[in-house]
């Protein structure tokens, strides 16, 4: 059933951004929902072709691409000698120029810690993704309330979506329930466990991520 694919109808809203560095091996078990546009950032084009996804826009300095992609659509090239932004940030900028109101991010979760931190820092500037899927985890953002359908027994961590994030979280369906729990980087709920489904989470304050390890999704 996954992924659902491009949305029918007019207007730009939800963008699927695929970036390199720790992209999921496959997307067969990932619910991507509906999206209006696909943007690949640099070597994200390789992941997109592996997934069989049609890319609308390819951005970056293209210094990390090891294959010759079949992509023939629009490209935005930035010389790495003059650009200050990461390729993922270029993709977010391009998405905003095309009327993005929300996005899902694939990749950007591994190999270089500096790249991971830079990607994480983008969320406070451009807004948190609806979901962030990497080679290692699937994370779903919560800004007020969200219900997530996952089987009982899965490992789950709850963490701030911003580096400076401060939130109050309630998530009762856990081995160690959270009830008006003050969540910061110093108080991440690490490796908790769902005891029944669905997982319901309420948050006030800054957005948070609900993180499921990839091994628990298979």
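Miscellaneous remarks
- Kirkwood Rh, Cα atoms: Rg over Rh of segment 77-202: 1.01
- Segment 76-218: relative contact order in percent, alpha carbon pairs under 8 Å with at least 6 residues between: 26 percent
- Whole-number D in µm² s⁻¹ for segment 80-135, Kirkwood Cα-pair radius fed into Stokes-Einstein, 25 °C, 0.890 mPa s: 206 µm²/s
- In units of the compact-protein estimate 2.2 N^0.38 Å, segment 154-197 shows a Cα radius of gyration of 1.11.
- Cα centroid of segment 170-200 to Cα centroid of segment 21-38, whole Å: 26 Å
- Relative contact order of segment 171-218, defined on C-alpha pairs under 8 angstrom at six or more residues apart (%): 41 percent
- With the convex hull of its Cα atoms as the shape, segment 125-165 has an orientation-averaged projected area of 3.8 nm².
- Annotation: average projected area of segment 141-216 is 4.3 square nanometres, based on the convex hull of Cα atoms across all directions.
The numbers here are math on the coordinates, done by the rules we state, and not lab data. This structure is a prediction, so every number in the text was calculated from the model and none was measured.
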